[in-house]
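First up is the structure itself, then whatever we jot down about it.
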Amino acid sequence: MSTPTRAARTTAAPSSAPAAFHLSPEARAVFIGLMIGMFVAAISQTIVSPALPIIVAELGGMEHYSWLATSAMLASAVVVPVVGKLSDLYGRRPFYIAGLVVFMLGAVLSGLAQNFWWLVGARVIQGLGMGTLMPLSQVIIGDLIPPRHRGKYQGIMGAVFGICSIAGPLAGGFITDHWGWQWLFFVGIPFGLAGLFFIVKYLHLPHTPRKAVIDVWGIVTLTVALVTILLATSWGGTTYPWSDWHVLGLYGVGVVALVAFVLIERRAVEPVIPLRLFRNPTFTASNVASLAVAMGMFGAIFYIPVYAQGVLKANATSSGAIVMPMSLSMIVLSMVIGMLITRTGKYKAFMVAGTGLMLAGFGLLTQLHYGSSYLQLTVAMVVLGLGLGATMQTYTLVVQNTAERRDLGIATSATQFFRSAGGTVGIAVLGTVMAGRLQTAIGEHLDPAVAAQMPEGTSIGIDAVLDPSVLAQLPDPVEEAIRLGLADALHQVFLVAIPLVLVAFVATLFIKAVPLRETLHDEPGESGEATVADEIAAEAAHLADDEVIEDAPHSDGDLDDDLGQREPART
């Protein structure tokens, strides 16, 4: 029998401040493994972004440009709630390990891709692993660290994502320019193996499996609903017109499946997504805000490199470096906000200010044009990064703080699901906006006389300006017209992102500021489940191990001592 991972220990502190908190050596090793897992999952999104134009130019499929990002996010969005629920029932460890293995398999297949749709399929496999790693990293942190102290550690996790936003595009641009895009998918394998080592050796959370009937029909209908709705959103306006039967048919199937899912969940004994969670206004508002923030964030991450390469004439390496100011500001503020939340116990004001900064950042992006400078883009990125740093991890903390222990996995995964779905929909919608505007905008700037002199079959579109071999064959007036048209199209993209972030701002205003708990989970009996502290105390009492527990626990405070979580005395 594996020894349970002991969460932490605390030391006394003045009553006006939270008790000093320290992770145990085992929990610290688990946290390292979680950070590595988060790193490989997050960097798989950002390392590819500056190379997407090159990959598409080589493999073809420019009309499906956004699919290289959307496919992974779609798979991730589908698997997130299912894994979250199953981890509540059967424990976190087996699912996290399986997620790492599946993710690395997808990475290998991506690097070996011989055509566009092979790569899309491999990215789907990566997305399945990503959809397991991202939410369970946050869930396991929730198992180890009380909400009052969690802001600091979630701030660190947010900084990991920010580091990926810096290292990913930089490494992606360099690798693409010097080694080839295939190596973008191989470089993360050693990190994945390192993370697997830490998790296999140190992650042994106590868990009592719950005998429950798996909500198979709920999982099936939810999967059908998500796949069809997100697929229709991705295809609409690009692959097919919005009025095409393919798009309308998918939306119809999605709506029917969604209605069936709701009806099934209302009667399910152990629903995959308990609908009662949405009766909590804090849970609902936080997830609406997460959805909207992700739509804007991933739109910026994937379309700013297009602006840098297509309008500012940057190569792949430079377009990766140009997002560094946004990532640096996000890293710094994420860690600062995490520490401030731990110190003060306050969080709502930071979230409202963060969404406000995101609005300002997109406002600055809409002011960019063909003649804009790197400095103008940098200022916009810094403002947007500050907003992301203040909000990214905080919504997860808010949801976990109000969740019962039995729902911790699915509640956390729901937030990650809405974030993944937001990224998928955001990239697809903004991609549709860009594609719908681009050809018209190029035509507005291209002299008809010059266009008539072009050889038949000459590419006059975004793939031309992003592919150096094609660009070298274009006359200067044509090249300039394409860059001007792309600038106009991306202006429309950034403009559409503003109301999306405005939704996040309004939803954040409706989040109730609930005090952060000092304990890991609910009071015994509130959720009808034993807490982690209960399980450790029970096992220790059963083994009569005086070194672990000296006295049988008789109060909630005693239970917390057994886990190493002494909270201030209550009145």
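Each value in this text was obtained by applying a stated rule to the coordinates, not by laboratory testing. Nothing here was measured: the structure is a model prediction, and the numbers come from that model. Ideal geometry is used to build each Cβ from the backbone, glycine not excepted, and the neighbour counts take in all protein chains shown.
Here are the numbers for the structure shown:
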read-out: Protection proxy ranking, peptides 109-115, 137-143, 427-433, average beta carbon neighbours within 10 Å, highest first; value: 137-143, 427-433, 109-115
read-out: In order through region 97-110: 3J(HN,Hα) via Karplus (6.51 cos²θ - 1.76 cosθ + 1.60), integer Hz, x for Gly, Pro; value: 4, 4, x, 5, 5, 5, 4, 5, 4, x, 5, 4, 5, 5
read-out: Region 292-384: projected area of the alpha-carbon convex hull, averaged over directions, in nm²; value: 6.0 nm²
read-out: Cα centroid of region 173-236 to Cα centroid of region 381-431, whole Å; value: 16 Å
read-out: Shape category assigned to region 338-433 from the gyration tensor of Cα positions, a/c cut at 1.5; value: oblate
read-out: Debye intensity ratio in log₁₀ form over the Cα atoms of region 150-286, taken at each q of 0.10, 0.19, 0.22 Å⁻¹; value: -0.70, -1.07, -1.11
read-out: Segment Gln439-Ile498, extension gain: residue separation times 0.36 nm, minus the distance between their alpha carbons; value: 18.9 nm
read-out: Modelled FRET efficiency - R0 60 Å, Thr378 with Ala98, Cβ distances, 0.05 increments; value: 0.90
read-out: Computed FRET value (nearest 0.05) for Leu263 with Leu89, which takes r as the C-beta separation and R₀ as 25 Å; value: 0.70
read-out: Ranked packing of 342-354, 365-377, most packed first, by mean Cβ within 10 Å; value: 342-354, 365-377
read-out: Computed label-point distance, nm, for sites Met339 and Leu193 using a 7 Å Cα→Cβ extension; value: 3.6 nm
read-out: Lysines with Cα under 17 Å of Lys85, excluding same-chain neighbours fewer than 8 positions away; value: Lys211
read-out: Region 37-192, relative contact order [Cα under 8 Å, separation at least 6], %; value: 42 percent
read-out: Among Phe417, Ala360, Ser373 the positive-end extreme of the charge dipole of region 338-452 (Cβ point charges); value: Phe417
read-out: Loop sites in region 187-266: trypsin sites (Lys or Arg not before Pro), DSSP, at most 14 other Cβ within 10 Å; value: Arg210, Lys211
read-out: Dipole of region 265-345 [Lys/Arg +1, Asp/Glu -1 at C-beta], most positive-end residue of Ala314, Met295, Asn280; value: Asn280
read-out: Mean Cβ count within 10 Å, highest first, over the residues of peptides 125-135, 98-108; value: 125-135, 98-108
read-out: Label-point gap, in nm, between Trp245 and Lys512 - each point 7 angstrom along Cα→Cβ; value: 5.0 nm
read-out: Amide H contacts under 5 Å for Arg517, placed H, 5+ residues apart; value: Arg148
